[in-house]
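Have a look at the structure below before the remarks.
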Amino acid sequence: MIRIGGWSRLSSCDWPGHLVTTVFCQGCPWRCGYCHNPALLPPRSPAVVSWQTVTAHLGRRRGLLDGIVLSGGEPLLQAGLADALREARALGFETGLHTGGAYPRRFDRLLSEGLLDWVGFDVKAAPAAYDRVTGVANSAAPAARSLRLLLDAGIPHQIRTTVDPALLDGADVVELERWVLRQGVRGHVTTPARAVSPAADGR
């Protein structure tokens, strides 16, 4: 259903205020210099766990976990993402998504179908600096479109940015803060880039 490159069976930090299981989906179209999970970048690496194993875990954790977060990599790459979210919801769990918004049409479908209860959205930079951070040309436009879709949807979310001083200087950060305010973002969270670590405890 979805290709899983890592799995955290219990997390208290991937969805603020929730205890969740977090699935790290394989594959990402961007190549951010500070990427926390570089092992997840290739789309075709062998899966470390099956989706059926995850849903079996959820079935045993009813009443103990609040929900599931689909992270990455970029989970919007997964053709089976909508079905996975539906299955998790049918089991009685809330559903969260971590995304950079690289695929706005896919994101729009999830939002329109009401398959998401919360989104952690990664804004990489103000538009002029996007390609520098992602390493991919023309990455700002789809991300900005996805951000607008999320804000218009009105569902709970967190808008956050990882700041790597090798990629964003002080002026870039100031321009980013101005840009997200103009979009209507409130409560934008910035965190410093950290050292690269394994994708998850399921690897």
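All of the numbers you see were taken from the coordinates with simple rules; none came from a lab. Given the structure is predicted, the values throughout are model-derived calculations rather than measurements. Quick reminder, even Gly has a Cβ in these numbers, built from the backbone with ideal geometry, and neighbours come from all protein chains shown.
Put a dot 7 Å past each Cα toward the Cβ at residue 66 and residue 9; how far apart are the dots in nm?
Spacing of the two 7 Å Cα→Cβ label points: 2.1 nm.
Could you tell me which of 189, 116, 141 has its Cα farthest along the dipole of the chain towards the positive end, charges placed at Cβ (Lys, Arg +1; Asp, Glu -1), taken about the Cα centre?
116
Any idea what the dipole of the chain comes to, in debye rounded to 20, about its Cα centre with Lys/Arg Cβ at +1 and Asp/Glu Cβ at -1?
360
To the nearest Å, what is the center-to-center distance of segment 1-68 and segment 118-136, using C-alpha atoms only?
Their Cα centres are 21 Å away from one another.
Given a cut-off of under 8 Å on Cα pairs at least six residues apart, what relative contact order in percent is computed for the chain?
Once divided by the residue count of the chain, the mean separation gives 24 percent.
Can you tell me the order of 188-194, 77-83 when each peptide is scored by its average per-residue count of other Cβ atoms within 10 angstrom, highest first?
77-83, 188-194
I need the phi-derived Karplus couplings for segment 64-74: 6.51 cos²θ - 1.76 cosθ + 1.60, θ = phi - 60°, integer Hz, Gly and Pro marked x.
10, 9, 7, x, 10, 10, 9, 10, x, x, 10
Springs between alpha-carbon atoms under 10 Å, Gaussian network over the chain: tell me which of 53, 95, 161 tops the mean-square fluctuations.
The residue that fluctuates most here is 53.
Calculate how many DSSP beta bridges within segment 4-192 are antiparallel, expressed in % of all such bridges and rounded to the nearest 5.
20
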